[in-house]
Amino acid sequence: MSEVKSIAEIEEEIVDDFSLFDTWDEKYEYIIDMGKKLKPLEDEHKKDENKIKGCQSTVWMVSELKDGKVYYRAESDAVIVKGLVSMLIRVLSGHAPKEIIDAKLDFIDKIGMKQHLAQTRSNGLLSMVKQMKLDATVYLAQQASKN
């Protein structure tokens with residue numbers, strides 16, 4: 001039995017977590033709490049080239065490939081967005097590039113996030129996902145060129 005959970009298993013955990021809350025106020029509090037637990041990004045990484053384009057709030061994200069797995073770190077100046085990026089990192093970080101690229105991320109729909117976010121935040125969420133998958137694509141191409 002593998003100790004590392006699959007992306008689908010982590011997504012299901014998040015869906016289960018959200019099912020415990022009755023209102024969106026409670027769900028937003030949970031999202032904000034997740035953001036508070038996000039380790040701060042070092043100041044050296046808070047530069048324009050690491051900003052996620054398409055987010056109304058400022059989101060910096062960096063990634064690295066280590067032992068065949070992609071690890072993301074990020075921070076935002078907005079509490080809810082910080083929680084959203086924390087959730088994405090929880091799901092996608094620590095997985096192989098191909099797994100990240102293929103991830104459907106159904107949990108976003110299952111927890112009703114798309115319907116409850118303002119259009120600008122929803123676009124920002126999609127921009128974060130797009131950047132994470134783009135980074136994974138680059139790492140996959142780098143791995144393929146080495147073989």
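The values are calculated or read from the model by the stated rules, or taken from the named source; none is laboratory data. Note that the structure is a prediction, hence the values are computed from the model and not measured. Cβ: placed from backbone, ideal geometry, glycine included. Neighbour counts: every protein chain shown. These area figures cover heavy atoms from the full protein model, side chains too; ligands, DNA and RNA do not enter into them. Shrake-Rupley method; radii C 1.70, N 1.55, O 1.52, S 1.80 Å.
With a Förster radius of 25 Å, plug the Cβ-Cβ distance of Lys5 and Asp43 into 1/(1 + (r/R0)^6) and report the FRET value to the nearest 0.05.
Numbers: r = 32 Å, r/R0 = 1.26.
According to the calculation, E is roughly 0.20.
If you fit an axis through the alpha-carbon atoms of helix 79-92 and take the longest principal axis of the Cα set of the chain, what angle between them do you get, 0 to 90°, nearest 10?
For 79-92 against the chain, the angle is about 50 degrees.
Using the basic label-point model (7 angstrom from Cα toward the beta carbon), what is the Lys130 to Lys114 distance in nanometres?
Each label point lies 7 Å from its Cα, and together they span 1.5 nm.
With no solvent and one point per C-alpha, what does the Debye sum give as log10 I(q)/I(0) for the chain at q = 0.10, 0.11, 0.17 Å⁻¹?
-0.33, -0.40, -0.97
With 29 Å as the limit, write out which pairs from Lys27/Lys66; Lys27/Lys47; Lys27/Lys130 have Cα-Cα distances beyond it, or answer none.
Listed pairs above 29 Å: Lys27/Lys66; Lys27/Lys47.
Keeping the other protein chains in place, figure out the carbon and sulfur percent of the accessible area of the chain, with a 1.4 Å probe.
50 percent
Can you work out the accessible area per residue across the stretch 26-147, with the rest of the protein chains kept in place, probe 1.4 Å, in square angstrom?
On the way: 6670 Å² over 122 residues.
About 55 Å² of surface per residue is accessible.
Largest first, what is the accessible-area ranking of Ser76, Ser6 with a 1.4 Å probe?
Correct descending sequence by accessible area is Ser6, Ser76.
Taking Cα atoms, how many degrees apart are the long axis of helix 119-146 and the longest axis of the chain, rounded to 10 and kept between 0 and 90?
Between helix and principal axis, roughly 20 degrees.
Scanning the chain for trypsin sites (Lys or Arg not before Pro) in DSSP loops with at most 12 other Cβ atoms within 10 Å, what's the longest stretch left with none?
Values: sites that count: Lys37, Lys47, Lys53, Lys104.
Between the exposed loop sites, the longest stretch runs 54-103.
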